[in-house]
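S.K.: My structure is below; once you've seen it, I'll send some questions.
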Amino acid sequence: MPTPADRFTTECILAIRRWTPHLFSFRTTRDATFRFVPGQFARLGLRKDDDEVVWRAYSMVSAPYDEHLEFYSIVVPDGEFTSRLAQLAEGDDILVERMNYGFLTTDRFVDGRDLWLIATGTGLAPYISILHDPATWTDYERIVLVHSVRFAAELAYRAELADLAAHPLVGGAAHKLRYVPIVTREPVDGALQDRIPTLIENGELERAAGFPLDHDRSRIMLCGNPQMVDDGRKLLNRLGYKLSRRAAPAHLVVENMW
Ligand code: NAP
């Protein structure tokens, strides 16, 4: 059934940044009424030749106060949506559903001193938005951003993260952020090389962060590859970290990227 026209707005692609042949970010105009909490996602729509619309979920990379929206995407080989998206150019249209979605938001936690933001691949996107929120930097004493990719060239947004951590908006809080890159398919200086659950189990992730996971202090977000999210959640559950719900705030929130 077609999505009613009052459920979405038509936005314009403002800029495209290609990180690798398979990864790109794009900015769009933003309807003045479109609101979201950092960590949430929108549904984006592209019209096919027969005028039917294909919809996919995309986390906002941009901040709630930005006038534009930014998204980060992989090109899925033969993917109905992303192969079409990858061909878009500046000035082209894209549909954005008015509704926002998702619970990968820091307001799911009521306490905690250390925020662990753990991503694979494009699962990084919501964390960039969360790190654009000044409240993240005041609510937590320490923030660990873990990004696991196959190859070093896929470590997107590194420079932006460094700029962000040094930005006056977050009050010179760069010392709070520990960035932990993981590159699994080639050796890279300064990066870990195993998968996230292994690194949690063998203590290497905590060593790289410089401090341990702790039930009282740590609040953890997992986002990305659905298998990583599932394995990571089960492992953390075994270690005593529970899923956080509105009615029962706890340690952990998760989001699958596809
Ligand atoms: P990926 O294969 O998930 O790889 C990104 C990182 O996650 C790598 O370091 C990988 O390690 C690690 N990883 C993969 N499975 C894991 C697991 N079970 N536990 C822990 N770590 C794990 O993601 P990608 O490079 O973003 O995408 C690869 C393929 O996923 C695409 O070709 C596409 O078909 C599909 N896909 C992705 C998206 C998306 O939004 N990213 C959407 C639709 C489909 P290893 O090197 O050890 O695998």
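Bear in mind that the values in this text are calculations on the coordinates, not laboratory data. Computed from a predicted structure; not experimentally measured. Please note: Cβ atoms are built from the backbone with ideal geometry, for glycine as well, and neighbour counts cover all protein chains shown.
S.K.: Between Thr138 and Asp216, what is the spin-label point distance in nm, taking each point 7 Å from the Cα along the Cα→C-beta axis?
M.R.: 2.5
S.K.: Just in segment 137-188: which trypsin sites (Lys or Arg not before Pro) are loop by DSSP and have at most 15 other Cβ atoms within 10 Å?
M.R.: Arg150, Arg185
S.K.: Then there is this: Which distance in nm do the two modelled labels at Asp66 and Gln193 give, with both placed 7 Å along the Cα-to-Cβ direction?
M.R.: 3.4
S.K.: Connecting C-alpha atoms closer than 10 Å in a GNM of the chain, tell me which of Tyr65, Tyr140, Tyr127 has the biggest fluctuation.
M.R.: With Cα springs under 10 Å in the chain, the top fluctuation among Tyr65, Tyr140, Tyr127 is at Tyr65.
S.K.: Only Cα pairs within less than 10 Å get springs; with that Gaussian network setup on the chain, which residue of Pro187, Pro21, Pro134 has the largest fluctuation?
M.R.: Result for the chain, Cα springs under 10 Å: Pro21 fluctuates most.
S.K.: Starting from the Cα-Cα distance between Val76 and Asn237, subtract it from 0.36 nm times their residue separation and give me the gain in nm to one decimal.
M.R.: Taking Val76 through Asn237 to full extension adds about 54.8 nm, to one decimal.
S.K.: Go ahead and run the numbers for FRET between Glu90 and Asn202, Cβ-Cβ distance against an R0 of 35 Å, rounding to 0.05.
M.R.: According to the calculation, E is roughly 0.15.
S.K.: A follow-up question, please. What do you get for trypsin sites (Lys or Arg not before Pro) in segment 11-69 restricted to DSSP loop and a cutoff of at most 12 other Cβ within 10 Å of the site's Cβ?
M.R.: Listed in order of number, the matching sites are Arg35, Lys48.
S.K.: I would also like to ask the following. At what distance in angstrom do the alpha carbon centres of segment 40-88 and segment 97-112 lie from each other?
M.R.: 20
S.K.: Hey, another quick one. Per DSSP H run of at least 4 residues, take -39500 (n - 2.57); add these up for the chain, divide by its residues and hand me the 222 nm value, nearest 500 deg cm²/dmol.
M.R.: For the chain, the value works out to -5000 deg cm²/dmol.
S.K.: Related question: Compute the helix-to-body angle for 226-238: its Cα long axis versus the longest principal axis of the chain, expressed 0 to 90° and rounded to tens.
M.R.: Helix 226-238 and the main axis of the chain meet at about 30 degrees.
S.K.: If you take every DSSP beta bridge fully contained in the chain, what fraction is antiparallel? Give it as a percent rounded to 5. Don't jump to the answer; show the numbers that get you there.
M.R.: On the way: 28 of 55 bridges.
Here the antiparallel bridges make up roughly 50 percent for the chain.
S.K.: In addition: Which of Gln227, Gln40, Gln193 moves most in a GNM of the chain, Cα contacts under 10 Å?
M.R.: Evaluated over the chain, the most mobile residue of the options is Gln227.
S.K.: Moving on to the next point. Using DSSP to define loop residues, name the GluC sites (Glu not before Pro) in segment 35-87 whose beta-carbon has at most 14 other beta-carbon atoms within 10 Å.
M.R.: Glu52, Glu67, Glu80
S.K.: Give, in nm to one decimal, the length gained when the segment between His175 and Ile16 is fully stretched (0.36 nm per residue of separation minus the Cα-Cα distance). Before the final figure, lay out each step's value.
M.R.: Numbers: separation 159, 0.36 × 159 = 57.24 nm, distance 3.09 nm.
Full extension from His175 to Ile16 adds 54.1 nm.
S.K.: Sticking with this structure for a sec: How many percent of Cα pairs in the chain exceed 34 Å?
M.R.: Summing the P(r) tail past 34 Å for the chain gives 16 percent.
S.K.: For segment 5-97, what class follows from the C-alpha gyration tensor (a ≥ b ≥ c being the square roots of its eigenvalues): rounded when a/c is under 1.5, otherwise prolate if a/b is larger than b/c, else oblate?
M.R.: oblate
S.K.: Also, quick follow-up: Where Lys and Arg each count +1 and Asp and Glu each count -1, what net charge lies around Asp111 among other residues with Cβ under 10 Å from its Cβ? Provide the component values of the computation, followed by the final result.
M.R.: Numbers: positive: Arg113, Arg217, Arg219; negative: Asp139, Asp216.
Local charge sum for Asp111: +1.
S.K.: Starting from the Cα-Cα distance between Trp55 and Gln227, subtract it from 0.36 nm times their residue separation and give me the gain in nm to one decimal.
M.R.: Taking 0.36 nm per residue and subtracting the Cα distance, the gain is 59.7 nm.
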